[in-house]
1. Determine whether segment 277-284 contains at least one residue that is within 21 Å of Asn178 (Cβ to Cβ) and of a type in the set (S, T, N, Q).
2. Looking at Arg215, Arg268, Arg256, Arg237, which one is in the same structural domain as Arg193 (by TED's automatic domain parsing), surrounded by fewer than 20 Cβ atoms within 10 Å (Cβ to Cβ) and at pLDDT 95 or above?
3. Return the residue satisfying two criteria in turn: it lies in segment 338-351 and is closer than 14 Å to Ala79 by Cβ and without any contact (Cβ under 8 Å) to a residue 60 or more places away in the chain, and of such residues it is surrounded by the most Cβ atoms within 10 Å (Cβ to Cβ).
4. Does Phe299 satisfy the condition of being buried (at least 17 other Cβ atoms within 10 Å of the Cβ), in contact (Cβ under 8 Å) with a residue 24 or more places away in the chain and assigned by TED's automatic domain parsing to the domain that holds Leu353?
5. So, in segment 281-296, exactly how many residues are surrounded by fewer than 18 Cβ atoms within 10 Å (Cβ to Cβ) and farther than 20 Å from Val236 by Cα?
6. Suppose the filter is touching an Asp or Glu at 6+ places or on another chain (Cβ under 7 Å) and in contact (Cβ under 8 Å) with a residue 12 or more places away in the chain; does Ala355 pass it?
7. Among the acidic types (Asp, Glu), at pLDDT below 90 and either under 21 Å from Ala283 (Cα atoms) or in the same structural domain as Pro297 (by TED's automatic domain parsing) (or both) - does that describe any residue in segment 156-169?
8. Go through Asp74, Asp95, Asp149 for me and flag whichever is of a type in the set (D, E, K, R), at pLDDT below 90 and farther than 25 Å from Phe299 by Cα.
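The values are calculated or read from the model by the stated rules, or taken from the named source; none is laboratory data. As the structure is a computational prediction, the values presented were derived from the model and not from experiment. All Cβ positions, glycine included, derive from the backbone under ideal geometry; neighbour counts span all protein chains shown.
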Amino acid sequence: MVAPTSVFISGREVSQIYDLKKKRTIQSFHSQGADFTTNAVSANGSQLFMGKSGNSSQLYELTNEMPREVINCDGKEFASCLFVSSDERGLYIGDRGGSLSYWNSETKELSSGIEIKLQNPLNAIIPSSDKNKFLYVSGKTGGVLSLDDSFLTSVAKSHPETDSTSFVRHLSLIQGVNHLCADDRFVYGGTRRGEIIQLDGKTLSVVRRWNAHERGVFALVVHEGSLFSGGRDGFVRVWDGETGNLLSEWIAHESRITDIHVGSGRQRIFTASTDKTVAIWKADGTLERRISGHFSPVFSMVVTPGEQTIITGGRDGIIRTWDALTGDVQITLNGHQGTIKDLQLHGSELISLGADNTIRIWGSQD
């Protein structure tokens, strides 16, 4: 008789498959309202049938999906932010040592990196619009600066002797900016003090600044002229992106908001939080659906272009995909050890950055 390697555990709100060897949850399911007498796993172990009250049922795919690529950043300071290169041939990776490296998807090599002076550690790096041709960078020290995007060529070609200061175009000495977003006119920064700072996108001169949240801004997105912010206070606030005037606000979560996504036409707003939930809101702040199922705080979130699937990453190192219409979990992706710090969709691929200092690239999530 062969001993089982995993067990299925039914719960009133969440069910899970538990790996007996690794002693951890390898897949979880939102099971509120389930009829526990009708749970069944297919003979080949690929599907789970879960009967629910009200004569309804849900079929789940059981996955052992592995990432297509694993980028191990050992030997470097912990990776803190990333973005896809404009030619889509690699990833730029910022770390807590203040350096920017490049991973080439063709050669599978990670460059030695170039230190961005004045910025240690790197908190955020975002490319500007094509109009400005800048790279905006913020760090724990040194404020916000813009680099000529030709700096990226030196990073990609692995020229560690390059002096980053020769590429600096503008510098704004505002410290403590954790989150950046930008449109064609402005750069916006959110701070741990709870301020939002509006900078001119070309000169980085301060246009205005205002107190936005108590105890810190932890999510910031600009969309069609409006700025959406989320704070430790659990509020979502919507601001006029030009004047900074408050347009609307609502209490969205019991604790810190970690991510915000604004849907097409601003018809829906998606929020993630350390209260272990994701929520979907109508444009006026009316709650459409709250999704539970993470066993730990949710720190990252992306939404597929059709807004049918929400992908989240938690402190438990597990990535989950959810049906946005029903709130049911679809797939769980395992591999990271520790918090999922960032998720990005690039085409049909999902890119995840973990606190374990690895970056993983997963197949189609549509």
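1. No, that holds for no residue.
2. Arg268
3. Ile340
4. Numbers: buried (at least 17 other Cβ atoms within 10 Å of the Cβ): yes; in contact (Cβ under 8 Å) with a residue 24 or more places away in the chain: yes; assigned by TED's automatic domain parsing to the domain that holds Leu353: yes.
In short, yes.
5. Total satisfying the criteria: 2.
6. No; evaluated as a whole, the condition is false for this residue.
7. Just the residues of segment 156-169 that are among the acidic types (Asp, Glu), to begin with: 161, 163.
Still in the list and also at pLDDT below 90: 161, 163.
Now drop any that are not either under 21 Å from Ala283 (Cα atoms) or in the same structural domain as Pro297 (by TED's automatic domain parsing) (or both), which leaves 161, 163.
Yes, segment 156-169 contains a residue that is among the acidic types (Asp, Glu), at pLDDT below 90 and either under 21 Å from Ala283 (Cα atoms) or in the same structural domain as Pro297 (by TED's automatic domain parsing) (or both).
8. Result of the check over Asp74, Asp95, Asp149: Asp149.
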